[in-house]
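Presented below is the structure to which this report refers.
Read-outs: derived from the displayed coordinates by stated rules, not from any lab. From a predicted model like this one, the values you see are computed outputs, not experimental measurements. Here the Cβ positions follow ideal geometry from the backbone for every residue, glycine too, while neighbour counts run over all protein chains shown.
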Amino acid sequence: MVSPPDPATGPGGIRDPGSLAVIGAGAAGCACVAALRRQGWAGPISLWESGRGPGGRTATRRSRTDAGLRIDHGAPLFNLTTSPPPALLEPLLAGGWIEPWTGPIAQLDGQGQLHPGGSAPHGLGSLYRGNGGMEHLCRGLLEQAGADVEIHYGQLVRHLEITPERRWRLLGPDRQLLKEVDWLVLSGTLLAHPRSRLLLDWTEVPLAAAARRLQDAQLQHVLAVLASIQSEARSNLLLLVPAAAAAPWRKLPFRLLEFSEAAQLRWNLSRLSVQPLADGRCAVVAHSSATFASEHLSVYGSRSSIASQLGVAPRPEQEQAVIEALSAALQDTLGQALGRWLSKAALRRSLAGERQLMRWGAAFPRPPGLPLELALCPASRLGFCGDYVAGPGFGRVEGALRSAEALAGRLLAAAAGGSPAAVNNHCESSRGPAPLLG
Ligand SMILES: Cc1cc2nc3c(=O)[nH]c(=O)nc-3n(C[C@H](O)[C@H](O)[C@H](O)COP(=O)(O)OP(=O)(O)OC[C@H]3O[C@@H](n4cnc5c(N)ncnc54)[C@H](O)[C@@H]3O)c2cc1C
């Protein structure tokens, strides 16, 4: 067992709060780094991300060989349903990183009828999107963080260790030391959730191994809560419609189509996101239903960065079979519900375009999530943020942003040697947003 830090001073007083690493550069990780700097964290900060760039589930797919390609293959937009908005929002809007979403949204019912307007959970409240791609949400957050943040993309943090001085060691896949820091923030659950063992064949949950040395009862509790969080998956078909076939897609009366539960049962799809590109082509993302994705969980897209980092061999035949199944679902939906706008011939020409699979193993956490008051373990100098933290916006970008801002305030209070009550006050005041909707 290692000895706990002196609670009176923290690791160094607020002028020297110590070094901090954030694992994950999705909306929560980027927002946490931005909020820490905005709120005055003066110590060194590093950010570690296994993907090729920032974004996580708000990433935008691009291509080195096709400059015009841009597909929001995860969240196509985000919404705020509580007020006041996160403090990080206004600078994102002012900097042009995000913009209000103005595209029409429609819902498809089980009879194939279209109804205008968005629905819960993603279509209500104030709607926004990344300006020029959803990844600009995270890029804008990182700009707010300033240049003085060490950022590492393409780096999976595979193991965590704790030193006798209670400092965190981040290790790569070959157990090489990446960084040693005073404070650690996990913005994803991969290192703390048993799914890493089940899906990735890891022998242990990395955080559980470190937690045994810390003997921190709160952390043990957090691990148990995190282990109980389940997620819904999504398998998304990305279709790049050639310019010659794109006109009917642009004329559809929606940019985002949400499927009712009955429609999901009927067509195996949950959403259709239509994303016209500047060069005349149109990207279409057909989001599978949760049920479809759960039946095809083991099939990764060939461009999956986590699959390649973990050495999961591509299985082109299985991937093609999932692509065909999703294409057939799309064809059925269009034929049965949207034939007015898209003829069979137009559809055939569209499906001749490039098709890819994007599988999200943990697309949406299921409630209740990690209670906000557990999201900082001061004795272990460990914090958690992300859409899996309970509270307003749970399971959405809003929750990722709010949990990150809340955690940043509590980390600063804890690093300043705040009493548990002061740290918890931060938790109470950050819990406060009120519903925007009646
Ligand atoms: C298909 C889809 C559609 C969605 N639609 C909407 C929507 O319309 N509106 C909405 O609000 N939300 C939507 N969401 C949910 C939204 O995308 C998430 O709530 C939000 O992006 C979560 O952000 P996060 O930072 O908590 O997690 P993530 O975005 O998952 O970020 C975690 C990051 O950590 C990295 N990471 C994890 N472990 C490690 C490690 N050990 N080493 C290095 N890096 C690591 C991951 O690569 C990832 O980039 C959607 C999600 C999906 C998948």
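Just the Cα atoms of the chain, one point each, no solvent: what log10 I(q)/I(0) does Debye give at q = 0.06, 0.10, 0.13 Å⁻¹? Once normalised to I(0) and log-transformed, intensities are -0.25, -0.69, -1.14. Assign one of three labels to region 1-156, namely rounded, prolate or oblate, based on the Cα gyration tensor with a ≥ b ≥ c the square roots of its eigenvalues; rounded applies when a/c is under 1.5, prolate when it is not and a/b is larger than b/c, and oblate otherwise. Here region 1-156 falls in the prolate category.
Against the chain, whose longest principal axis comes from its Cα atoms, helix 397-415 is set at around 10 degrees. Contact order for the chain, expressed relative to its length and based on alpha carbon pairs under 8 Å spaced 6+ residues apart, stands at 23 percent. Going by alpha carbons, how many degrees (0 to 90, nearest 10) lie between the helix axis of 316-337 and the longest principal axis of the chain? With both axes taken from Cα atoms, the answer is about 60 degrees. Computed from backbone phi with θ = phi - 60° and the Karplus coefficients 6.51, -1.76 and 1.60, the 3J(HN,Hα) list for region 235-241 is 10, 9, 8, 9, 10, 9, 7 Hz; x is used for glycine and proline. For the chain, the share of DSSP beta bridges that are antiparallel, to the nearest 5, is 70%.
The Rg/Rh ratio of region 333-414, with both radii computed over alpha carbons and Rh defined as the Kirkwood radius, is 1.33.
What order do you get for 180-189, 55-64, 343-352 when each peptide is scored by the mean count of other beta carbon atoms within 10 Å, highest first?
Working: 180-189: 24.8, 55-64: 20.4, 343-352: 15.6.
Going from most to least packed, we get 180-189, 55-64, 343-352.
Take 69-81, 323-335 and order them by the average number of nearby Cβ atoms within 10 Å per residue, most first; the result is 69-81, 323-335.
With distances taken between every two different alpha-carbon atoms, region 232-365 has a Kirkwood hydrodynamic radius of 15.1 Å.
Compared with the dominant principal axis of the Cα atoms in the chain, helix 420-430 is inclined by about 20°.
Kindly rank 373-385, 263-275, 210-222, 118-130 from highest to lowest mean number of other beta carbons found within 10 Å of each residue.
Values: 373-385: 24.0, 263-275: 22.2, 210-222: 17.1, 118-130: 18.8.
Sorting 373-385, 263-275, 210-222, 118-130 by mean packing, highest first, produces 373-385, 263-275, 118-130, 210-222.
A simple spin-label model places the labels of Glu295 and Arg250 3.7 nm from each other, with each point 7 Å out along Cα-to-Cβ. The 3J(HN,Hα) values that the Karplus relation (6.51, -1.76, 1.60; θ = phi - 60°) gives for region 114-125 are, in residue order, 8, 10, x, x, x, 9, 5, x, 9, x, 10, x Hz. Gly and Pro appear as x.
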